[in-house]
Amino acid sequence: MSESSQNQTPKRTPLYEKHLKADGKMVNFAGWDMPINYGSQVKEHKQVREDAGMFDVSHMVVLDFKGNDVKKFLQHLLANDVAKLKDPGKALYSAMLNENGGVIDDLIVYYLADDFYRMVVNAATRENDLKWIEKVAADFDLTLTERDDLAMIAVQGPNARDKANATLSESDQKLVSGLKPFFGVQIGDSFYARTGYTGEDGYEIMVPNETAAELWDKLLENGVEPIGLGARDTLRLEAGMNLYGTDMDESISPLAAAMGWTIAWEPEDRDFIGRAALQKEKQNGSKEKLVGLVLEDKGVLRGHQKVVTEFGEGEITSGSFSPSLGKAIAFARIPTEAKESCQVDIRGKLLTCRIIKPPFVRNGKSLI
């Protein structure tokens with residue numbers, strides 16, 4: 001977060017009053033007044049894993065791209081290839097890279113028509129993203145619209161879709177009932193996407209600002225509990241999902257951030273930004289990798305703790321206590337050769353951790 005955004009009065013989403021009514025503890029997150037929790041972060045975490053919870057994610061940035069060159073532009077801008085998207089509503093996860101192969105942001109892009117794509121980027125990187133996108137877009141025939149008229153509510157958990165569907169009319173329920181994972185569909189003036197950041201099923205719903213509070217209340221009536229950003233962080237960590245600015249940034253390539261699967265190397269003649277740098281790194285071999293750690297001793301894993309392996313040192317990028325597993329877990333960037341175990345320096349003591357490939361939890365079940 002930039003110093004200027006910290007000094008400015010935080011912005012408020014259309015659901016701000018709803019958070020206060022639910023006793024949300026508000027904090028400044030990326031220049032927005034957002035709820036960190038509504039009481040017990042652990043209880044909120046378990047609510048999502050076991051039933052259904054909803055997050056106000058209206059601080060996320062929704063961008064609509066329209067025009068003849070949109071596909072060509074996105075094929076140049078993104079490390080993943082939007083040409084994979086053939087069916088309307090299909091989504092793709094990708095990184096947007098700089099010339100050195102560093103991650104400017106990670107994002108989701110939806111194919112809505114041959115000349116219409118929608119992108120959702122992170123709130124904390126908004127200014128940087130827009131500046132970069134506009135610079136690259138100058139050479140292409142397209143228009144970019146920031147959809148600040150839309151709010152976004154993420155409804156997540158094993159019962160999330162059923163409870164969210166119950167707020168819709170019968171005809172609209174039919175539109176979403178067959179929605180596959182990583183697809184979205186327009187319903188009236190709302191957009192329902194079967195995506196999320198928790199490792200559970202559910203929707204990310206984009207609605208006009210003026211109807212967001214009404215949807216929030218309907219979901220509440222159907223037993224969907226409000227969940228704060230604190231639980232969102234432990235949920236995404238368990239699910240093996242990176243957090244921008246913590247697990248990767250402009251100095252880290254997708255290859256060193258466990259995001260190699262998001263790079264589309266074929267076709268070979270697609271010249272996406274950062275490709276040459278990534279190919280060089282791939283040929284030379286990455287010196288570091290991002291892995292999961294499970295603490296075998298008692299203690300808490302936190303960001304920036306030192307990791308010790310027989311091949312050299314590394315660092316924890318994200319760490320927390322996992323409410324689902326009852327153990328401390330983390331992501332760490334460590335030497336590529338390290339395989340099965342390592343030690344973490346916690347207040348001067350070296351404690352043993354198991355090295356695993358994330359995720360730790362998916363659909364409520366332990367994977368470790």
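Just so you know, all these numbers are worked out from the coordinates, no wet-lab data involved. Since we're looking at a predicted model, the values are computed, not measured. Cβ sites come from the backbone with ideal geometry, for glycine too, and all protein chains shown count toward neighbours.
List every residue whose amide H lies under 5 Å from the amide H of residue 168, counting only residues 5 or more places away in sequence or on a different chain, with H placed 1.01 Å from N in the peptide plane.
Here the answer is none, since no amide H 5 or more places off falls under 5 Å of that of residue 168.
Can you list the aspartates and glutamates whose alpha carbon sits under 18 Å from that of residue 339, skipping same-chain ones fewer than 8 residues off?
288, 296, 310, 313, 315
Among 304, 45, which comes first, then next, by fewest other beta-carbon atoms within 10 Å?
Sorted ascending by nearby Cβ count, the order is 304, 45.
Students often forget the sequence filter, so: which lysines lie under 25 Å Cα-Cα from residue 71 once same-chain residues fewer than 8 apart are removed?
Within reach: 84, 86, 90, 131, 135, 180.
Ordered by packing density, taken as the mean number of other Cβ atoms within 10 Å over each peptide's residues, highest first, how do 47-53, 264-270 rank? All intermediate terms of the calculation are to be shown ahead of the outcome.
Details: 47-53: 23.0, 264-270: 11.1.
Sorting 47-53, 264-270 by mean packing, highest first, produces 47-53, 264-270.
I need 187, 334 ordered by Cβ neighbour count within 10 Å, fewest first. List each step's numbers first, then the result.
On the way: 187 17, 334 23.
Ranked by crowding around the Cβ, least crowded first: 187, 334.
Compute the distance in nm between two label points, each set 7 Å from the Cα along the Cα-to-Cβ direction, one at residue 189 and one at residue 43.
About 3.6 nm, to one decimal.
Give me the distance in nm between label points sitting 7 Å out from Cα along the Cα-to-Cβ direction at residue 310 and residue 349, one decimal.
The answer from the label model is 2.5 nm.
Could you give the length gained by full extension between residue 175 and residue 336, i.e. 0.36 nm per residue of separation minus their alpha carbon distance, to one decimal place? Please report the intermediate quantities before stating the final value.
Numbers: separation 161, 0.36 × 161 = 57.96 nm, distance 4.57 nm.
Contour length minus Cα-Cα distance gives 53.4 nm.
If each of residue 210 and residue 362 carries a label point 7 Å out from its Cα toward its Cβ, how far apart are those two points in nm?
With each label placed 7 Å out from Cα toward Cβ, I get 4.3 nm.
Compare the peptides 69-81, 193-205, 119-131 by average per-residue count of other Cβ atoms within 10 angstrom and give them in order, highest first. Display every interim value, and only then the final one.
Details: 69-81: 21.3, 193-205: 23.2, 119-131: 18.7.
Answer by packing, highest mean first, reads 193-205, 69-81, 119-131.
Of the residues 311, 116, 331, which exhibits the maximal mean-square fluctuation in a Gaussian network model of the chain defined by a 10 Å Cα contact cut-off?
The residue that fluctuates most here is 311.
So what J values fall out for segment 356-361 if you push phi through Karplus, 6.51 cos²θ - 1.76 cosθ + 1.60 with θ = phi - 60°, rounded to Hz, Gly and Pro as x?
Residue by residue, segment 356-361 yields 10, 9, x, x, 8, 9 Hz.
Taking only C-alpha pairs under 8 Å that are 6+ residues apart, what is the relative contact order of segment 124-225 in percent? Could you put the intermediate results ahead of the total?
On the way: 118 pairs, mean separation 31.9, N = 102.
It rounds to 31 percent for segment 124-225.
Output wanted: per-residue J couplings in Hz (rounded whole) for segment 145-161, from phi through Karplus 6.51 cos²θ - 1.76 cosθ + 1.60, θ = phi - 60°, x for Gly and Pro.
Karplus values, whole Hz, x for Gly and Pro: 10, 7, 8, 6, 8, 10, 9, 9, 10, 9, 10, 9, x, x, 9, 4, 5.
Per residue and in cubic angstrom, what volume does the convex hull of the Cα atoms of the chain have?
140
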